[in-house]
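Enquirer: First, the structure itself, so that you have it in front of you.
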Amino acid sequence: MSASADSNDIEEGLAFRPKFDGSGLVTCVATDAVSGDVLMVAHMNDEALRKTIASGEAWYFSRSRNALWRKGETSGQTQRVLEMRMDCDQDAVWIRVEQTGAACHTGRRSCFYRKVTGGEGGARLSFVDADRVFDPAKVYRE
C-alpha cells in the first residue's frame, strides 16, 4: 500500500490504529464533559488505552515513574470517561470525562491554573482558578 493510501485510511477510515511515539505513548487531553475546561494532559501507552476503553475509567502511563496508573487510585479524584476521540493521524487522544474532585496532583481542579502573560520583562505566570480542592500533602503520603 502506498504511503498516501495508508495516510488516507488512517485519516478517513474507521480502523482504530493508534500511532504511538518512539516511547510507546500517545498524548491524551482530558476535558470536563460539562464545562469543556481542559483538566489535564497526560500520556497513555497501549495498556492504558486498552484499560480506559474497557473500563470507562481513565488510565495513564507515568513517564516519571515509568508505571501504569488509574486516575484516582491514590487520591480518589477519579475520571469517568464519557467519550473518547482520536485525532486525524491517530497520535493523540481526547477524553471527555466526569471528574470527581480535582484533576491535578497539586490538588487543583485543573492542571492549567496559571496564566502566561508577556511584557517587557518576558513571560510571567500568574495564578487563575488556583484554589485547591484537596491538600496533596495529606493525600499523597509516602
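The values are calculated or read from the model by the stated rules, or taken from the named source; none is laboratory data. Note that this is a predicted model, so its numbers are computed, not measured. As a convention, Cβ positions derive from the backbone with ideal geometry for all residues, glycine included, and neighbour counts pool all protein chains shown.
Enquirer: From Thr74, Thr31, Thr27, which residue is among the β-branched types (Val, Ile, Thr) and under 25 Å from Arg141 (Cβ atoms)?
Expert: Thr74
Enquirer: Within the range 78-110, can you find the residues that are assigned to a loop (DSSP other than H, G, I, E, B) and free of Cβ contacts under 8 Å to residues at least 60 places away in the same chain?
Expert: The answer is Thr78, Asp87, Thr100, Gly101, Ala102, His105, Thr106, Gly107.
Enquirer: Look at Thr117 and say whether it is buried (at least 16 other Cβ atoms within 10 Å of the Cβ), β-branched (Val, Ile, Thr) and free of Cβ contacts under 8 Å to residues at least 24 places away in the same chain.
Expert: No, not satisfied.
Enquirer: Considering only the range 111-142, how many residues are part of a loop (DSSP other than H, G, I, E, B), over 20 Å from Asp32 (Cβ atoms) and out of contact with any His (no Cβ under 8 Å at 6 or more places or on another chain)?
Expert: Of the residues in the range 111-142, 9 are part of a loop (DSSP other than H, G, I, E, B), over 20 Å from Asp32 (Cβ atoms) and out of contact with any His (no Cβ under 8 Å at 6 or more places or on another chain).
Enquirer: Take the residues of the range 120-142 that are β-branched (Val, Ile, Thr) and surrounded by 14 or more Cβ atoms within 10 Å (Cβ to Cβ): which is nearest to Val29 (Cα to Cα)?
Expert: Step by step, filter the range 120-142, then rank; the result is Val133.
Enquirer: Another question, if that's okay. Regarding Arg50, is this residue at pLDDT below 95 and either part of a helix (DSSP H, G or I) or more than 14 Å from the chain's Cα centre (by Cα) (or both)?
Expert: When the stated conditions are applied, Arg50 does not pass them.
Enquirer: Can you pull out every residue in the range 88-105 that is under 19 Å from Pro18 (Cα atoms), surrounded by fewer than 16 Cβ atoms within 10 Å (Cβ to Cβ) and in contact with a strand residue (DSSP E or B) (Cβ under 7 Å, 6 or more places away or on another chain)?
Expert: Scanning the range 88-105 gives Asp91, Trp94.
Enquirer: Run down Ser62, Ser4 and say which single residue is over 16 Å from Asp87 (Cβ atoms) and at pLDDT 95 or above.
Expert: Only one candidate passes the filter, namely Ser62.
Enquirer: Which count do you get for residues in the range 34-67 that are exposed (fewer than 15 other Cβ atoms within 10 Å of the Cβ) and within 20 Å of Ser23 (Cα to Cα)?
Expert: 10
Enquirer: Would you pick out the residues in the range 120-142 that are out of contact with any Asp or Glu (no Cβ under 9 Å at 6 or more places or on another chain), free of Cβ contacts under 8 Å to residues at least 24 places away in the same chain and among the charged types (D, E, K, R)?
Expert: Result: Glu120, Arg124, Asp131, Lys138, Arg141, Glu142.
Enquirer: Among what's in the range 106-142 and is in contact with a strand residue (DSSP E or B) (Cβ under 9 Å, 6 or more places away or on another chain) and hydroxyl-bearing (Ser, Thr, Tyr), pick the residue that is farthest from Met40 (Cα to Cα).
Expert: Applying the filter and picking the extreme gives Thr117.
Enquirer: So which of Val34, Val29, Val41 is part of a loop (DSSP other than H, G, I, E, B) and β-branched (Val, Ile, Thr)?
Expert: Val34
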